[in-house]
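The values are calculated or read from the model by the stated rules, or taken from the named source; none is laboratory data. On a predicted model such as this, the values are computed, not experimentally measured, just so you know. We place every Cβ from the backbone using ideal geometry, glycine too, and count neighbours over all the protein chains shown. Please note that ligands, DNA and RNA were not included when accessible areas were found on the heavy atoms of the full protein model with its side chains. Shrake-Rupley method; radii C 1.70, N 1.55, O 1.52, S 1.80 Å.
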Amino acid sequence: GTNFFENFPNVTLTIKHLTLINQAPFAGDTLARISTLKFTLDLMSLIKGETVRVVSIVFDEPQVHLTALQDGTVNWNIVKLSEKQKPEPETQAKSNFNLMLQHYEIKDGTILYDDQSSGMQVIANHLDHKGSGDFTQDHFQLVTLTKIKELSVGLAGINYLSKIKTQLLADIDVNAKDNKFTLKEN
């Protein structure tokens, strides 16, 4: 087991063997399976409680299966709003609680993307990805590094890439307010 205080003055919360099972029309399908999910939080920010500083989130050996059906329905749209859950008006007082994420990491992940409308399939095996930035800001720089040991891409039964080793170092300008992501020079 993991010691809760292994990173003191930060605290670490570990969740092992996490599985997300989907709902209709993908009922019973596994959307994601994560071997270990680890959150490291700044203990003092947790006690003070206004801005909880998440030092890092690490996804260890995640397996993600993304599917898009012929009609455009996707299996990763898992948040459903009921009729009663309408967006709250902007005039309401905002909470002082903030979540400040600094760093996230995916270790040895597998991502399978299957688009049935275009016939496109992408398989990324042994994917390692790191990202860091101040996610509390409306506008910030996201610094990322992605390494994939085996990337395969196919379209309509034709393989265009087969188990290619690749790596991408990308700085992304994130404008969260306008949902705008700009890739900086690489």
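For the reader, a short list of remarks on this structure follows.
- Residues (more than 19 Å from Lys130 (Cβ to Cβ) and aliphatic (A, V, I, L, M)) located in segment 40-57: Leu43, Met44, Leu46, Ile47, Val52
- Of all the residues in segment 111-170, those that are in contact with a His (Cβ under 8 Å, 6 or more places away or on another chain), open to solvent by less than 70 Å² (accessible area, probe 1.4 Å) and among the charged types (D, E, K, R) number 2.
- Filtered residues of segment 144-185 (kept if free of Cβ contacts under 8 Å to residues at least 24 places away in the same chain and closer than 25 Å to Asp108 by Cα): Lys147, Asn159, Tyr160, Leu161, Ser162, Ile164, Lys165, Thr166, Gln167, Leu183
- Criterion violated by Asp134 - all others in (1) assigned to a strand (DSSP E or B); (2) within 27 Å of Val55 (Cα to Cα) satisfied: (1)
- Among (1) modelled with pLDDT under 90; (2) open to solvent by 60 Å² or more (accessible area, probe 1.4 Å) - the single one Lys38 does not satisfy: (1)
- Tabulated pairs, segment 20-35, first without any contact (Cβ under 8 Å) to a residue 12 or more places away in the chain and at positive phi, second assigned to a loop (DSSP other than H, G, I, E, B) and open to solvent by less than 40 Å² (accessible area, probe 1.4 Å), C-beta under 8 angstrom, 6+ apart or interchain: Gly28/Asn22
- Total residues in segment 45-66 satisfying the condition of being of a type outside the set (Ser, Thr, Tyr) and within 15 Å of Leu99 (Cβ to Cβ): the figure is 9.
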